[in-house]
Amino acid sequence: MAQTKLDQQLLAIIQDAFPLEERPYLVLAEQLGSDEQSVFAAVENLRQSGIIRRIGGVYDSKVLGFISRLCAGKVPTAMTGAADDSALEKFAAVVNVIPAITHNYVRSHEYNVWFTVIAQSEAEIQKIVEDVCSKTELHDVHVLLATKKFKINTVMGGSAAPVIRKNNCVRSKPMAGADRARIRIACEDIPHTLTPFKDWGISCEELREDLDLRRMRRFGAILRHQEAGFADNAMVCFRLDERRETKDERSVILSYTKLRTSVLKLSYPLRGEQSESKDPAGAILASKSYISHCYERPAFDGFPYTLYAMMHAQSAEELDRNIKEAAESIGNPDYVVLRSVRELKKTSFRFFA
């Protein structure tokens, strides 16, 4: 869908800062010199066309008492020597009905399936993965935590000014039942009305408090990158010679083989698991606009890469240029490009459902 100037202006703003006000479209209209109805219609068109997947809260799983793990595994496909893709289709069907698995991709590598699991404990994640293995031909699975996070949940294709939060000090406040109920609703898509928060039955003030408490990373539009013009993307993993560790870090690697007892090598990471880092390579990659996510993860057998960067582009040629430029910027380490062959699942986790 061709985007108008108003569409582009809106996408630049609402990915990171959809107004938490009773009449958000009026606030946007005042910012852009438009009118409330025109802005509402433009956002609705972006939602109906599929460019905007949802408008809602993006919460921090760790702050809410959950953990997130990236899983890499193998499923037989025609490309790996199987007779057809029936094993992959069965795997997708099983995964698609598991709420704890939010993202699931086929990538161009021997480890050809990569999916994200969110749960409240390592044991719960282990059980989910083992159940998938028992019901499908998924095998040789490695469950990886992010030992460092350099960039996450960033907007794409926008040029909006940074959002200034009123409170830069992280406060702590126990969650009550009303908080959990609000968060559960805020993980959904806002109503298609001019007064979405009123119609949701949620207080904008309480949502702003979630931001101040760092429970919520942002409230905004989550895009489908392909529909928004970023048709080519890849996870690029770099092999770094040095591993900089702190006393607050440990790796978790859960290795599974189908019909074999799982092995937990190291469990329950300490508080440094999701801390930000000043590591030069990670910081350099995080500064690039075409990289949306950048993490450090532990290496595993057959995969010696530790620095992961999710890169997006509008064409295959542009993606290749971005990958080359990114590698050069951190000294040209060995790396592997895992192109996104197929998106099997992409949803938002609903906390406290």
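The values are calculated or read from the model by the stated rules, or taken from the named source; none is laboratory data. Just so you know, these numbers come straight off a predicted model, no measurement behind them. Cβ coordinates were reconstructed from backbone atoms using ideal geometry, including for glycine residues, and neighbour counts include every protein chain displayed.
Take residues that are under 23 Å from Thr347 (Cβ atoms) and tell me which of the helices (runs of 4 or more DSSP H) falling wholly in segment 24-143 contain 2 or more.
Of the helices (runs of 4 or more DSSP H) lying wholly inside segment 24-143, those with at least 2 residues that are under 23 Å from Thr347 (Cβ atoms) span 36-48, 86-96, 122-135.
Within segment 179-193, restricting attention to residues that are without any contact (Cβ under 8 Å) to a residue 40 or more places away in the chain and not in a loop (DSSP other than H, G, I, E, B), which residue is nearest to Ile55 (Cα to Cα)? Walk me through it before giving the result.
Restricting attention to segment 179-193, the residues satisfying the condition of being without any contact (Cβ under 8 Å) to a residue 40 or more places away in the chain are 179, 182, 185, 191, 193.
Remaining after also requiring not in a loop (DSSP other than H, G, I, E, B): 179, 182, 185.
Working: Asp179: 19, Arg182: 15, Ile185: 12 Å.
Ranking the qualifying residues of segment 179-193, first place goes to Ile185.
Kindly list, by first and then second residue, each pair from a residue in segment 326-342 that is in contact (Cβ under 8 Å) with a residue 40 or more places away in the chain and under 17 Å from Pro280 (Cα atoms) to a residue that is β-branched (Val, Ile, Thr) and surrounded by fewer than 18 Cβ atoms within 10 Å (Cβ to Cβ), limited to pairs with Cβ atoms under 7 Å and residues at least 6 apart or on different chains.
Once the first residue is in contact (Cβ under 8 Å) with a residue 40 or more places away in the chain and under 17 Å from Pro280 (Cα atoms) and sits in segment 326-342, its partners that are β-branched (Val, Ile, Thr) and surrounded by fewer than 18 Cβ atoms within 10 Å (Cβ to Cβ) give Ser329/Ile284; Ile330/Ile284.
Would you please name the residue that is surrounded by the most Cβ atoms within 10 Å (Cβ to Cβ), looking only at residues in segment 278-307 that are hydrophobic (A, V, I, L, M, F, W, C) and assigned to a helix (DSSP H, G or I)?
Among them, the one singled out is Leu285.
Would you be able to tell me the number of residues in segment 105-121 that are farther than 20 Å from Tyr59 by Cβ and not small (Gly, Ala, Ser)? Before you say what the answer is, go through the steps one by one.
In the first step, residues of segment 105-121 are kept if they are farther than 20 Å from Tyr59 by Cβ; the result is 105-114.
Keeping just the survivors that are not small (Gly, Ala, Ser) gives 105-107, 109-114.
Summing the residues that are farther than 20 Å from Tyr59 by Cβ and not small (Gly, Ala, Ser) in segment 105-121 gives 9.
Return the total of residues in segment 73-93 being of a type in the set (A, V, I, L, M, F, W, C) and either more than 26 Å from Arg53 (Cβ to Cβ) or surrounded by fewer than 17 Cβ atoms within 10 Å (Cβ to Cβ) (or both).
Adding up the residues that qualify gives 6.
Mind checking whether some residue in segment 319-334 is among the polar types (S, T, N, Q), surrounded by fewer than 18 Cβ atoms within 10 Å (Cβ to Cβ) and either under 27 Å from Gln120 (Cα atoms) or modelled with pLDDT of 95 or more (or both)? So that I can check it myself, show each step before the final result.
Let us first name the residues in segment 319-334 that are among the polar types (S, T, N, Q), namely 322, 329, 332.
Next, from what is left, pick out any that are surrounded by fewer than 18 Cβ atoms within 10 Å (Cβ to Cβ): 329, 332.
Filter again for either under 27 Å from Gln120 (Cα atoms) or modelled with pLDDT of 95 or more (or both), leaving 329, 332.
Looking for residues that are among the polar types (S, T, N, Q), surrounded by fewer than 18 Cβ atoms within 10 Å (Cβ to Cβ) and either under 27 Å from Gln120 (Cα atoms) or modelled with pLDDT of 95 or more (or both), one finds at least one in segment 319-334, hence yes.
Quick grid of which residues meet (1) touching a helix residue (DSSP H, G or I) at 6+ places or on another chain (Cβ under 6 Å); (2) under 30 Å from Cys294 (Cβ atoms):
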site: Ala17; (1), (2): no, yes
site: Glu36; (1), (2): yes, no
site: Val63; (1), (2): no, yes
site: Val75; (1), (2): yes, yes
site: Tyr105; (1), (2): no, yes
site: Val113; (1), (2): no, yes
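Got a sec? Which of Val43, Val63 is surrounded by 14 or more Cβ atoms within 10 Å (Cβ to Cβ), modelled with pLDDT under 95 and within 26 Å of the chain's Cα centre (by Cα)?
Answer to the selection: Val63.
Can you pull out the residues in segment 144-172 that are modelled with pLDDT of 80 or more and either assigned to a loop (DSSP other than H, G, I, E, B) or among the hydrophobic types (A, V, I, L, M, F, W, C) (or both)?
Leu144, Leu145, Ala146, Thr147, Phe150, Ile152
Just to verify a result, which residue in segment 13-38, among those that are farther than 11 Å from Ala221 by Cβ and within 27 Å of the chain's Cα centre (by Cα), is surrounded by the fewest Cβ atoms within 10 Å (Cβ to Cβ)?
Applying the filter and picking the extreme gives Glu21.
Residue by residue through segment 308-353, note down the ones that are assigned to a loop (DSSP other than H, G, I, E, B) and over 20 Å from the mean Cα position of the chain (by Cα).
Ser315, Ile330, Gly331, Asn332, Pro333, Asp334
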